[in-house]
């Protein structure tokens, strides 16, 4: 059985994304440690500098993921996974030794390239290829491990800071990156075996390119009509909206708690963990609904979009600590519970194509969001101060959630037209 043969490629992928979960938070959660290390004495200027460094991560994602998908389809998943791990090692070592914001930004840029240009472009397709029958659930497994890191890491940062050893917050993901490199080097990948003609019996007949074309043609044969241009755009642009919301909540939930909700450092760090915990519960829930009950990914995204908007409205309008905790947990469940990964599945459903290419297109839009958001937060922080900037940003997240809701409602009608049945019915093979 293919999923058993390639179990180590799944283990490699999930360790890589557990490490990525720490990388995604490393600058925002260690903000004072880094800006003091870079020589900033003013907290506002330091916070703006950290946001600019975070922007470099998003820029690295934006410029690399599309080409990364094409390269991954040509050279295989293993080489790309190894390359991403090497860049992660350089990134964390650089952040540990970095004396300035410029060098830290270069390291952050490398992390963005490693994440999207190497890992997203190779490991997202790899999990689908390792367990094709359960590809939706396998994709959600990525989010599960990112979320686990998101729960553990903020609390680790607080404890290491209180111990007087904040550098441990960088050393641990550095060590994990080395583990990723070792696993990637020794794990088999289904696509690579198929390229060499050494995969399963079902893969060994014909060339790998013919097998991919047959898979794409089979997916297109299920369509009654070809999806229109707007459907094509929406399935790409959703990645921008989803990442805009996720990145804003992930990076600035702690800052929102400190500046707008009056929470202590530990309580604010707890917001990030609660947000992430909500995401973990959702990953398990949606994996069951899509894997066992065969829920359509569009049905999941309609629900996610509606309740993400509701959770953000509650957080913005009712600024009571208990209500904020509940709202942030709901936001984690509906916005961070695998919505981005489910959106990629929706892209492949409406626009079948080579998985590396589709991943590259989809995550290019995602990369733009992770560049754009910290840039505007940095600019607003300099202009109106951190408290007001963070509150405005939360309002923009609500606008993005409402836009996503409208788009998903439109796709509901198109799904019926394209596939001949409602997205609220069970998925048909």
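The values are calculated or read from the model by the stated rules, or taken from the named source; none is laboratory data. Computed from a prediction, not measured in an experiment: that's the story for all the values here. All Cβ positions, glycine included, derive from the backbone under ideal geometry; neighbour counts span all protein chains shown.
Points to keep in mind about this one:
- Residue pairs whose Cβ atoms lie under 7 Å apart, separated by 6 or more positions or on different chains, with the first residue in region 142-158 and without any contact (Cβ under 8 Å) to a residue 60 or more places away in the chain and the second part of a helix (DSSP H, G or I) and surrounded by 20 or more Cβ atoms within 10 Å (Cβ to Cβ), are 156/169.
- Residue within region 244-263 that is more than 24 Å from residue 44 (Cα to Cα), surrounded by fewer than 24 Cβ atoms within 10 Å (Cβ to Cβ) and in contact (Cβ under 8 Å) with a residue 60 or more places away in the chain present: no
- Taking every residue in region 68-87 that is farther than 20 Å from residue 109 by Cβ and pairing it with any residue that is modelled with pLDDT under 95 and not in a helix (DSSP H, G or I), at least 6 positions away or on another chain, the pairs with Cβ-Cβ distances below 6 Å are 73/354; 77/189; 78/189.
- Once region 394-429 is narrowed to residues that are outside any helix (DSSP H, G or I) and in contact with a helix residue (DSSP H, G or I) (Cβ under 7 Å, 6 or more places away or on another chain), the residue that is farthest from residue 230 (Cα to Cα) is 424.
- A residue that is within 17 Å of the chain's Cα centre (by Cα) and either surrounded by fewer than 19 Cβ atoms within 10 Å (Cβ to Cβ) or farther than 24 Å from residue 168 by Cα (or both) occurs nowhere in region 43-56.
- Residue count for region 354-393, restricted to those that are outside any helix (DSSP H, G or I) and within 21 Å of the chain's Cα centre (by Cα): 1
- Residue check, residue 311 without any contact (Cβ under 8 Å) to a residue 40 or more places away in the chain, in a helix (DSSP H, G or I) and closer than 19 Å to residue 400 by Cβ: yes
- Flag if residue 306 is surrounded by fewer than 22 Cβ atoms within 10 Å (Cβ to Cβ) and farther than 25 Å from residue 154 by Cα: yes
- Scanning region 316-328 for residues that are at pLDDT 90 or above and surrounded by 21 or more Cβ atoms within 10 Å (Cβ to Cβ) yields 327, 328.
- In region 198-219, residue modelled with the lowest pLDDT [restricted to those that are under 29 Å from the mean Cα position of the chain (by Cα) and loosely packed, with under 13 Cβ neighbours inside 10 Å]: 209
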